[in-house]
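In what follows, a structure is listed as structure tokens, so that the remarks can point back to it.
The values are calculated or read from the model by the stated rules, or taken from the named source; none is laboratory data. A quick note: this is a predicted structure, and the numbers were derived from the prediction, not measured. Positions of Cβ are generated from backbone atoms using ideal geometry, with glycine treated the same way; all protein chains shown enter the neighbour counts. Side chains included, ligands, DNA and RNA excluded: accessible areas come from the protein's heavy atoms. Shrake-Rupley method; radii C 1.70, N 1.55, O 1.52, S 1.80 Å.
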Amino acid sequence: MLLYLFDLVGVALFAASGALAAGRKRLDLLGVIVLALVTAIGGGTIRDVLLDRHPIFWLADPAYLLVIVATALLVFVVARGRRVPESFLPTADALGLALFSVSGAQIAERAGLPALSGILLGTVTGAAGGAVRDVLSAEIPMVLRRGNLYASAAIAGTSVYFALAALDVSRTSATLAGMGVVALVRLMAIRRGLSLPEFHVEVKEG
């Protein structure tokens, strides 16, 4: 039940970030709903396809689609024509990343996959939807932008989850700790400019 609730909150946060991204591009209502949908279900869909889980989570449970569409409509009504704080979209995206990456890692764990595979699938679950959103919005995907610690945050948090689980820490505590690490790393990257070392190569002509 806890995992299911986290999933619903995660899709709502990602749907909100997708809807706000649509607003920045001045899309119509259909565009808002489409970007909200792909942001919220993109990563989980890829995860389910890789795990051969059928039916895919949002086809099996229409509550996900209802939450996404309701969130998109709410954002459309409340934020339309208003100035939204610049930090709102990345903050909602960071919290969605935290919830989805760890829940995705747990689904991989329940499928019997090793921790390394769980970390990878957790990162895909958290980051892929936002990447699709950015591509459709004609933006460089956030996961590829320098200094964002996006996928890195998901990797760190899911690694903490699996490490604590291996130490027999309760699943609830491990889940909350993992999500907290993802959110903390991502928000610190946004607000403090934390980043990984940059790789740069000079190419000599001739």
When GLY180 is run through (1) in contact with a Leu (Cβ under 6 Å, 6 or more places away or on another chain); (2) in contact (Cβ under 8 Å) with a residue 60 or more places away in the chain; (3) open to solvent by 10 Å² or more (accessible area, probe 1.4 Å), the failure sits at (1)
In this structure, is GLY23 open to solvent by less than 30 Å² (accessible area, probe 1.4 Å) and of a type outside the set (A, V, I, L, M)? no
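Restricting region 96-110 to residues that are hydrophobic (A, V, I, L, M, F, W, C) and out of contact with any Ser or Thr (no Cβ under 9 Å at 6 or more places or on another chain), which is surrounded by the most Cβ atoms within 10 Å (Cβ to Cβ)? Spell out how you get there, then give the answer.
If we filter region 96-110 for residues that are hydrophobic (A, V, I, L, M, F, W, C), which is where we start, we get 97-100, 102, 105, 107-108.
Add one more test, that the residue is out of contact with any Ser or Thr (no Cβ under 9 Å at 6 or more places or on another chain), and what stays is 97-99.
Values: LEU97: 34, ALA98: 28, LEU99: 26.
Taking the candidates together, the pick is LEU97.
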Across region 73-93, what is the number of residues that are open to solvent by less than 80 Å² (accessible area, probe 1.4 Å), in a helix (DSSP H, G or I), among the hydrophobic types (A, V, I, L, M, F, W, C) and modelled with pLDDT under 95? 6
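Just one of GLY18, GLY43, GLY31 is touching a helix residue (DSSP H, G or I) at 6+ places or on another chain (Cβ under 9 Å), within 22 Å of PHE162 (Cα to Cα) and of a type outside the set (Val, Ile, Thr); which is it? Break it down stepwise before answering.
Numbers: GLY18 fails: within 22 Å of PHE162 (Cα to Cα); GLY31 fails: within 22 Å of PHE162 (Cα to Cα).
Just one listed residue meets the conditions, GLY43.
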